[in-house]
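Peer 1: A single structure is presented below for examination.
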Amino acid sequence: MPIAVVDYGVGNLFSIYNALDQIGAVPKLARDPEEIGSFDGIVVPGVGSFGRCMRRLYRFEPALRRVLEEGTPILGICVGMQVLFEGSEESPEEGLGWIAGRVVRLPASVLVPQIGWNTLSIRREMEILEGISDDDFFYFVHSYHCVPADPSVVAATTEYGLEVAAAISEENLFAVQFHPEKSGEKGLSILRNFVRLSRC
């Protein structure tokens with residue numbers, strides 16, 4: 001079965017689609033919540049404001065929650081990571097609440113948004129980070145960052161004025177603050193890892 005890229009009207013869908021296609025996956029844009037149950041894995045992209053993403057994602061929430069509970073791997077990217085949390089300083093809308101914690105603005109001491117390449121600090125093993133080291137660079141574009149209530153969900157951090165959660169995992173739920181689809185070969189490695197575990 002293919003990998004779904006949730007098409008809820010926001011996000012850089014085609015760069016993610018093309019990256020998945022490049023690594024030999026079978027990507028498909030999922031525009032109907034009823035389709036969600038027919039995929040090996042689900043990618044939730046996100047670009048722009050937290051509130052706009054959530055307003056458009058609400059209709060997918062029951063279907064996404066159902067497949068998450070059934071064990072289907074889900075990968076959130078950028079704002080697609082932030083919407084997994086309970087809420088954000090950016091917007092009044094509630095998040096999905098699958099990860100306890102909040103999304104807060106980057107500190108005033110740094111240039112906001114963060115746009116550019118940064119390395120990771122790997123904190124614990126995570127299936128989609130297999131083969132990734134602390135020296136590898138990934139592409140970030142964001143003004144807000146996730147602060148989990150339980151720090152143990154953080155698999156990797158990056159440094160940008162403070163320690164920022166860059167990757168999280170909790171059972172079959174994965175998310176990254178950076179853009180693997182724009183991060184060269186190492187980013188493609190992360191997508192390959194996600195596709196592989198989706199088909200286990």
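Peer 1: Would you confirm whether any residue within segment 41-60 is of a type outside the set (Gly, Ala, Ser) and in contact with a His (Cβ under 8 Å, 6 or more places away or on another chain)?
Peer 2: Here is the first cut: in segment 41-60, the residues of a type outside the set (Gly, Ala, Ser) are 42-45, 47, 50, 52-60.
Okay, now just the ones that are also in contact with a His (Cβ under 8 Å, 6 or more places away or on another chain), so none.
Taking every residue of segment 41-60 in turn, none turns out to be of a type outside the set (Gly, Ala, Ser) and in contact with a His (Cβ under 8 Å, 6 or more places away or on another chain).
Peer 1: Would you check which residues across segment 1-27 are more than 16 Å from the chain's Cα centre (by Cα) and more than 15 Å from LEU191 (Cβ to Cβ) and list them?
Peer 2: Scanning segment 1-27 gives MET1, GLY9.
Peer 1: If you go through segment 144-159, how many residues are crowded, with 21+ Cβ neighbours inside 10 Å and either more than 17 Å from the chain's Cα centre (by Cα) or free of Cβ contacts under 8 Å to residues at least 12 places away in the same chain (or both)?
Peer 2: 0
Peer 1: Continuing with this model, one more query. What is the number of the single condition among (1) among the hydroxyl-bearing types (Ser, Thr, Tyr); (2) at pLDDT 95 or above; (3) farther than 14 Å from PHE194 by Cα that THR72 does not meet?
Peer 2: (3)
Peer 1: Still on this model: Scanning segment 43-61 for residues that are out of contact with any Asp or Glu (no Cβ under 7 Å at 6 or more places or on another chain) and not in a helix (DSSP H, G or I), which turns out surrounded by the fewest Cβ atoms within 10 Å (Cβ to Cβ)? Can you show your working first?
Peer 2: Of the residues in segment 43-61, the ones out of contact with any Asp or Glu (no Cβ under 7 Å at 6 or more places or on another chain) are 43-48, 52-53, 56-61.
Checking the rest, the ones that are also not in a helix (DSSP H, G or I) come to 43-48.
Working: VAL43: 31, VAL44: 26, PRO45: 24, GLY46: 26, VAL47: 18, GLY48: 12.
Within segment 43-61, the match that is surrounded by the fewest Cβ atoms within 10 Å (Cβ to Cβ) is GLY48.
Peer 1: While we're looking at this one, here's another question. Looking at GLU171, GLU163, GLU125, can you tell me which residue is more than 24 Å from LEU20 (Cβ to Cβ) and either surrounded by fewer than 16 Cβ atoms within 10 Å (Cβ to Cβ) or among the hydrophobic types (A, V, I, L, M, F, W, C) (or both)? Outline the logic, then answer.
Peer 2: Details: GLU171 fails: more than 24 Å from LEU20 (Cβ to Cβ); GLU125 fails: more than 24 Å from LEU20 (Cβ to Cβ).
Going through GLU171, GLU163, GLU125 in turn, just one is more than 24 Å from LEU20 (Cβ to Cβ) and either surrounded by fewer than 16 Cβ atoms within 10 Å (Cβ to Cβ) or among the hydrophobic types (A, V, I, L, M, F, W, C) (or both): GLU163.
Peer 1: A further question follows. Would you confirm whether any residue within segment 128-148 is hydrophobic (A, V, I, L, M, F, W, C) and in contact with a Pro (Cβ under 8 Å, 6 or more places away or on another chain)? Can you show your working first?
Peer 2: At the first step, the residues of segment 128-148 found to be hydrophobic (A, V, I, L, M, F, W, C) are 128-129, 132, 137-138, 140-141, 146-147.
Add one more test, that the residue is in contact with a Pro (Cβ under 8 Å, 6 or more places away or on another chain), and what stays is 138, 141.
Yes, that holds for at least one residue.
Peer 1: Is it the case, given these coordinates, that LEU64 is touching a strand residue (DSSP E or B) at 6+ places or on another chain (Cβ under 8 Å), touching a residue at least 40 places away in the same chain (Cβ under 8 Å) and in a helix (DSSP H, G or I)? Write out each step before concluding.
Peer 2: Values: touching a strand residue (DSSP E or B) at 6+ places or on another chain (Cβ under 8 Å): yes; touching a residue at least 40 places away in the same chain (Cβ under 8 Å): yes; in a helix (DSSP H, G or I): yes.
So LEU64 passes the test.
Peer 1: What is the residue count in segment 4-41 for residues that are outside any helix (DSSP H, G or I) and under 14 Å from ILE77 (Cβ atoms)?
Peer 2: Let us first name the residues in segment 4-41 that are outside any helix (DSSP H, G or I), namely 4-12, 23-32, 39-41.
With the extra rule that they be under 14 Å from ILE77 (Cβ atoms), the set shrinks to 4-8, 10-12, 27, 41.
Final tally of qualifying residues: 10.
Peer 1: In addition: Being farther than 13 Å from HIS145 by Cα and surrounded by fewer than 18 Cβ atoms within 10 Å (Cβ to Cβ) is the filter here; which residues of segment 92-107 pass it?
Peer 2: Pass one, segment 92-107, residues farther than 13 Å from HIS145 by Cα: 92-100.
Once the filter is applied, which keeps residues that are farther than 13 Å from HIS145 by Cα and surrounded by fewer than 18 Cβ atoms within 10 Å (Cβ to Cβ), segment 92-107 yields PRO92, GLU93, GLU94, GLY97, ALA100.
Peer 1: From GLY71, GLY87, which residue is crowded, with 16+ Cβ neighbours inside 10 Å and either within 13 Å of the chain's Cα centre (by Cα) or in contact (Cβ under 8 Å) with a residue 12 or more places away in the chain (or both)? Please lay out each step first, then the result.
Peer 2: Numbers: GLY71 fails: crowded, with 16+ Cβ neighbours inside 10 Å.
Result: GLY87 is the single residue among GLY71, GLY87 that is crowded, with 16+ Cβ neighbours inside 10 Å and either within 13 Å of the chain's Cα centre (by Cα) or in contact (Cβ under 8 Å) with a residue 12 or more places away in the chain (or both).
The values are calculated or read from the model by the stated rules, or taken from the named source; none is laboratory data. As the structure is a computational prediction, the values presented were derived from the model and not from experiment. Methodologically, a virtual Cβ is constructed for each residue, glycine included, from the backbone with ideal geometry; neighbour enumeration extends over all protein chains shown.
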